[in-house]
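First the structure, in the form of structure tokens, and then the observations on it.
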Amino acid sequence: MAYSDYPFFEVETNPETRVAHLYLNRPEARNAMNWAYWRDLPLIVSELEADPAVRVVIVAARGKSFSTGLDLVDFFQQKQKTMQGQYADDREALYHMILEMQEGMNRMEQGENIYIAAVHRHCIGGALDLMAACDLRLASADASGSLREAKVAIVADMGSLNRLPNIIGLGRTRMMAYTARDFSADECKEMGLVEEVFASHADLMEGAKAMAEEIAANSSIAVRGTKHVLNYAANHSVEDSLKYVATWNAAFLDSKDLREMFAAFQERRRPEFQ
């Protein structure tokens, strides 16, 4: 399938910089996540991962808001039978549906591209799950984030409860989850949920682009390896993580990029990584 085959998303790629923009593109509904989002996110992420012209992906949104999260009306219209089934068979179907919905953000976290969330205005519920699955998170000054599920009688099950403790700590995750209130961009930066806050949406997109191009210009094999090691370290002891990175470099240290770096150093020029 082509990028254009996914109705919820819009993709722009720049082979020269190897940076792609993945836009949430349902602006008429403030990018509320209908079933097309959950169905197609794993597919479009897989295509971005397989595209040799992409190393870094900026995850942004068209319209007035990043996303207001799950489209409750659309979701319950389409999935009411699964949600409210009477028997164990229905409960099993719901379990597998939840795992299916988690898959797109899992692929982003576990993939080899670097994903940068560029968030403006509302970032609610499922949108916060998407943001948490990214490697880096940037926001405009008018952005706000909310782990909203407790206000709509749901236990958050798309990743925020699982990923945020490694990003902002357990206490702040509990505060966001239990209160389900809106947190400003400055509050999100103070707690470590976002790395940088920009004055406007235009500044946000320029900042995200500059950061993405800076990352994409580095050695791709080194950036990919760094992501693997950091992901491993998030769930293992320091001792285990040190052994893991030693094993990684024992296997992958002598890369073409490393040899190019040595040659460029000797020739007093900038390296040209593959």
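Here is how the numbers come out for the structure above:
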{"item": "Those residues of the range 14-36 which are among the hydroxyl-bearing types (Ser, Thr, Tyr) and out of contact with any helix residue (DSSP H, G or I) (no Cβ under 8 Å at 6 or more places or on another chain), in sequence order", "result": "TYR23"}
{"item": "Residue satisfying condition, being open to solvent by less than 10 Å² (accessible area, probe 1.4 Å) and part of a helix (DSSP H, G or I), within set ALA132, ALA60, ALA118", "result": "ALA132"}
{"item": "Candidates GLU92, GLU103, GLU112 - the one that is at pLDDT 95 or above and part of a helix (DSSP H, G or I)", "result": "GLU103"}
{"item": "Test: residue in the range 160-180 that is among the small types (Gly, Ala, Ser), at pLDDT 95 or above and buried (at least 21 other Cβ atoms within 10 Å of the Cβ)", "result": "yes"}
{"item": "Checklist (1) open to solvent by 10 Å² or more (accessible area, probe 1.4 Å); (2) out of contact with any Gly (no Cβ under 8 Å at 6 or more places or on another chain) applied to GLY145, failing item", "result": "(1)"}
{"item": "Any hit, the range 55-68, residues being farther than 27 Å from ALA153 by Cβ, among the charged types (D, E, K, R) and at pLDDT 95 or above", "result": "yes"}
{"item": "Those residues of the range 148-159 which are open to solvent by 30 Å² or more (accessible area, probe 1.4 Å), in a helix (DSSP H, G or I) and either among the basic types (Lys, Arg) or without any contact (Cβ under 8 Å) to a residue 40 or more places away in the chain (or both), in sequence order", "result": "ARG148, ALA150, LYS151"}
{"item": "Lone unmet requirement of (1) surrounded by fewer than 20 Cβ atoms within 10 Å (Cβ to Cβ); (2) within 22 Å of PRO15 (Cα to Cα) for SER200", "result": "(2)"}
{"item": "Residue in the range 192-209 that is under 22 Å from ALA139 (Cβ atoms), in contact (Cβ under 8 Å) with a residue 24 or more places away in the chain and hydroxyl-bearing (Ser, Thr, Tyr) present", "result": "yes"}
{"item": "Candidate set from the range 70-89 (those that are part of a loop (DSSP other than H, G, I, E, B) and open to solvent by 40 Å² or more (accessible area, probe 1.4 Å)); member that is modelled with the highest pLDDT", "result": "TYR87"}
{"item": "Lone qualifier among LEU230, LEU138 - being at pLDDT 95 or above, within 17 Å of ILE114 (Cα to Cα) and assigned to a helix (DSSP H, G or I)", "result": "LEU230"}
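Residue-by-condition table, conditions (1) more than 17 Å from the chain's Cα centre (by Cα); (2) at negative phi:
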{"site": "GLY169", "(1), (2)": "yes, no"}
{"site": "THR179", "(1), (2)": "yes, yes"}
{"site": "GLU196", "(1), (2)": "no, yes"}
{"site": "ALA199", "(1), (2)": "yes, yes"}
{"site": "LEU204", "(1), (2)": "no, yes"}
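Yes or no, residue by residue, for (1) small (Gly, Ala, Ser); (2) closer than 20 Å to GLY207 by Cβ; (3) over 16 Å from the mean Cα position of the chain (by Cα):
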| position | (1), (2), (3) |
| --- | --- |
| ALA20 | yes, yes, no |
| LEU24 | no, yes, no |
| VAL45 | no, no, no |
| GLU49 | no, no, no |
| PRO52 | no, no, yes |
| VAL57 | no, yes, no |
| GLY69 | yes, no, no |
| PHE76 | no, no, yes |
| LYS79 | no, no, yes |
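The values are calculated or read from the model by the stated rules, or taken from the named source; none is laboratory data. Since this is a predicted model, take the numbers as computed values, not measurements. All Cβ positions, even for glycine, are placed from backbone atoms using ideal geometry, and neighbour counts span all protein chains on display. The accessibility values were calculated without ligands, DNA or RNA, using every heavy atom of the protein model including side chains. Shrake-Rupley method; radii C 1.70, N 1.55, O 1.52, S 1.80 Å.
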